[in-house]
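Here's the structure, in structure tokens; my notes come after.
The values are calculated or read from the model by the stated rules, or taken from the named source; none is laboratory data. For clarity, every value in this text was computed on a predicted model and none was experimentally measured. Cβ atoms come from the backbone with ideal geometry, glycine included; neighbour counts cover every protein chain shown.
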């Protein structure tokens, strides 16, 4: 899916994303251009360097995978807290 | 009792318990004793817990004192502290045989390098947060964690290797009795801040950290450059007497503050104050300053996660303008560079920060940030005479560009119906040999010039004042520097503009007759130096000062200059 908010995964949106991801037990991976990050790691996510318009891929694996995927996709669509 | 000697950096005396302030050094990490992996893992967990407790406390304090948006950076730090994969990696490295500090350092450095590779400049800067958190954990691991300088509960004498600008900013000024550092000289940042705040300080005290302990009583004599560990009764008595003398001297100075700065043959020179914080305008008035010749605005911008907005800046500038009640206040626009980085301004690593993006160059690169400051300055000018001064200028084009933005800021405000002064004076700081040599041309485009002797000396002599191995070449009284000053004065006067000095040299009474003789119209210095300099002005004849200056300009070395100046005094 495409990250459409203004600042991409900058500190504040990334923090929001990580906090959401940490609510779930499933292992969650974010991929961009062949690189992979653990969605529960703020350091991983920031060093992935996601800017506005970047295409990212989510992979969720675990007991609550469907809920987790739904919540994260929803969050990105809603603009990750950007006004 | 043991005595240490150093450089007298800020006058006054104080006695109090030592507080050793250290940053963890890589050396400490390498030498850290390593136990079995299980013990190292336990140490790591404890350090993480303590770091979390620290951060929660700091965050709470920041929220209370600075507001939620300012506290957000500590949320980011907490998020990193709870980052599962990162600390898993640290644990894996410990299992592989590294000590806990080595493992933290290795993982932090690995990710810091990843941050540096990012294309997005803003994201790249976030690596600083990771390193900050790693430093905090390391401090706990290495047993170096003391209370931070901003959260002192009892009055202490702070002893450190050196203090960075951001550390000095967080100093709790009500609790620091005196400052002692192992490195640095009279113009290092810690010294300047100590003088500005009226805290006694001795710098360049070699090896003191290894010979004292936290809580041990220290006597700091900022006039003699002495530090005494566990002073005896005789020393204590002497301090009590000195404190009494200082109080009396202050009374005398208050009386002298009323007298005009005028030579024996009736020539006036303007004596004004350098300040770095609105509160210091009090001291400026107390010591009889005829205005503010340099208000450094950096302190407003440093040690915080986001820049001050227009309202906050306006409030600070207006406070000073109102307090000076009709006396002119010259405010220098943001003057930072790679040596004083700001968390929210991506500056990028520079091999030569002193020759890099700093002062006006940085402001012109960040016009949005610059515009906020210019707007705040215009709004403050509504309350009294105000001058705007641009730092670190090397070409006329930079000044033209800055002037254009200044005009834009005024037009915007007028259009919005916001009250601004009818005019502000515009000045350029002369700190580079290029600006000095183009002084006449620059003066034609502005209202005044102000010579920053610290930087002018550094750039003319090509010697870093903080590098102990070359600091002997850093000589503000070198004939090369003095000839440039003379050249600047001539250029400014030819263009019909006034010219001042706002570097440390202006506060040195020994140099006062020389500066008068060179033709300076204004001397701007730390408020505490005003009485001594005024006394000197009132004791010389301008005719003699001019002769002295002419003789000094013919000198071949700084030593010859000093001899001529000392001779005059004798």
* Asked: Which of the residues that make up the range B:335-391 are touching a strand residue (DSSP E or B) at 6+ places or on another chain (Cβ under 8 Å), under 22 Å from residue B:422 (Cβ atoms) and part of a helix (DSSP H, G or I)?
  -> B:374, B:377, B:380
* Structure fact -> Of (1) closer than 28 Å to residue B:203 by Cβ; (2) free of Cβ contacts under 8 Å to residues at least 24 places away in the same chain, residue B:275 fails just (2)
* Take the range A:26-57 and flag every residue that is in contact with a helix residue (DSSP H, G or I) (Cβ under 6 Å, 6 or more places away or on another chain), more than 11 Å from chain B (Cβ to nearest Cβ) and in a strand (DSSP E or B). => A:28, A:32
* **Sole residue being modelled with pLDDT of 85 or more, more than 26 Å from the chain's Cα centre (by Cα) and more than 10 Å from chain A (Cβ to nearest Cβ), chosen from B:108, B:32, B:68, B:92** => B:92
* Please find, within the range B:393-419, the residue that is surrounded by the fewest Cβ atoms within 10 Å (Cβ to Cβ) out of those that are touching a strand residue (DSSP E or B) at 6+ places or on another chain (Cβ under 7 Å) and over 14 Å from residue B:371 (Cβ atoms). => B:399
* **Residues located in the range B:268-288, provided they are in a loop (DSSP other than H, G, I, E, B) and modelled with pLDDT under 95** => B:276, B:277, B:278, B:279, B:287, B:288
* residue A:18 being within 8 Å of another protein chain (Cβ to nearest Cβ), touching a residue at least 12 places away in the same chain (Cβ under 8 Å), within 18 Å of residue B:82 (Cα to Cα) and outside any loop (DSSP other than H, G, I, E, B) -> yes
* Asked: Filter the range A:6-15 for residues that are facing chain B (nearest Cβ under 9 Å) and over 17 Å from residue A:58 (Cα atoms); which is modelled with the highest pLDDT?
  -> A:12
* Structure fact -> For residue B:313, the lone unmet condition from (1) under 17 Å from the mean Cα position of the chain (by Cα); (2) within 28 Å of residue B:58 (Cα to Cα); (3) crowded, with 23+ Cβ neighbours inside 10 Å is (1)
* To do: Consider residue B:293 carefully, then state whether it is more than 21 Å from the chain's Cα centre (by Cα) and either more than 20 Å from residue B:530 (Cβ to Cβ) or surrounded by 21 or more Cβ atoms within 10 Å (Cβ to Cβ) (or both).
  => no
